[in-house]
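Colleague: Starting off with a structure, shown below.
Nothing in this text is a laboratory measurement; each read-out follows from the coordinates by a stated rule. Computed from a predicted model, the values in this text were never measured in an experiment. Cβ atoms come from the backbone with ideal geometry, glycine included; neighbour counts cover every protein chain shown.
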Amino acid sequence: MVNTMKEISGSLIDVIKYSNAKLMTVVFTKKDGTTRKMFCKVGVRRYLSKKPNKKLKSFNPNIVNVFDVELKAYRSIRADSINSVILGGKIYE
């Protein structure tokens with residue numbers, strides 16, 4: 001079943017951000033032009049740095065931060081590079 005963004009009234013980045021920490025698959029194009037399929041979640045806090053002086057990056061609304069469950073590492077995805085999101089058995093393109 002393929003859902004378009006008209007059905008959920010938002011963007012693919014909104015689907016990712018409001019996924020309630022469910023496991024999802026994101027297919028996107030990397031900067032080098034290759035396509036990547038990543039199994040990820042949002043809202044994972046377990047692996048955050050505990051260093052008090054850790055500098056935070058500036059906020060960019062076109063980038064979503066996710067946790068790659070296979071590599072156990074945080075990743076950033078540009079909104080314009082997302083091809084599809086599979087969440088709860090539904091495909092959002």
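Colleague: What FRET efficiency comes out for Lys17 versus Lys72 if R0 is 22 angstrom and r is the Cβ-Cβ distance? Round to the nearest 0.05. Don't jump to the answer; show the numbers that get you there.
Modeller: On the way: r = 21 Å, r/R0 = 0.95.
That pair, Lys17 with Lys72, gives E of 0.60.
Colleague: Residues with beta-carbon under 11 Å from that of Val66, excluding Val66: net charge, scoring Lys, Arg +1 and Asp, Glu -1?
Modeller: On the way: positive: Lys17, Lys41, Arg75; negative: Asp68.
Counting the neighbours of Val66, the net charge comes to +2.
Colleague: If I take R0 = 22 Å and measure r between the Cβ atoms of Asp32 and Ile91 in this structure, what FRET efficiency does the formula 1/(1 + (r/R0)^6) give, to the nearest 0.05?
Modeller: Working: r = 25 Å, r/R0 = 1.13.
Here the calculated transfer efficiency is 0.35.
Colleague: Then there is this: First select every other residue whose beta carbon is under 14 angstrom from the beta carbon of Ile82; then total the charges, Lys and Arg +1, Asp and Glu -1. All intermediate terms of the calculation are to be shown ahead of the outcome.
Modeller: Values: positive: Lys17, Lys30, Lys31, Arg36, Lys37, Arg75, Arg78; negative: Asp14, Asp80, Glu93.
Result for the neighbourhood of Ile82: +4.
Colleague: What are the ³J(HN,Hα) couplings of the stretch 62-69, residue after residue, when phi is run through the Karplus curve with 6.51, -1.76, 1.60 and θ = phi - 60°? Round to Hz, x for glycine and proline.
Modeller: Running phi through 6.51 cos²θ - 1.76 cosθ + 1.60 with θ = phi - 60° gives 8, 10, 10, 9, 10, 10, 6, 6 Hz.
Colleague: From the phi of every residue in the stretch 70-81, what ³J(HN,Hα) in whole Hz does the Karplus formula 6.51 cos²θ - 1.76 cosθ + 1.60 yield, where θ is phi - 60° and glycine or proline is x?
Modeller: Coupling constants for the stretch 70-81: 6, 8, 6, 8, 7, 9, 10, 10, 6, 4, 6, 9 Hz.
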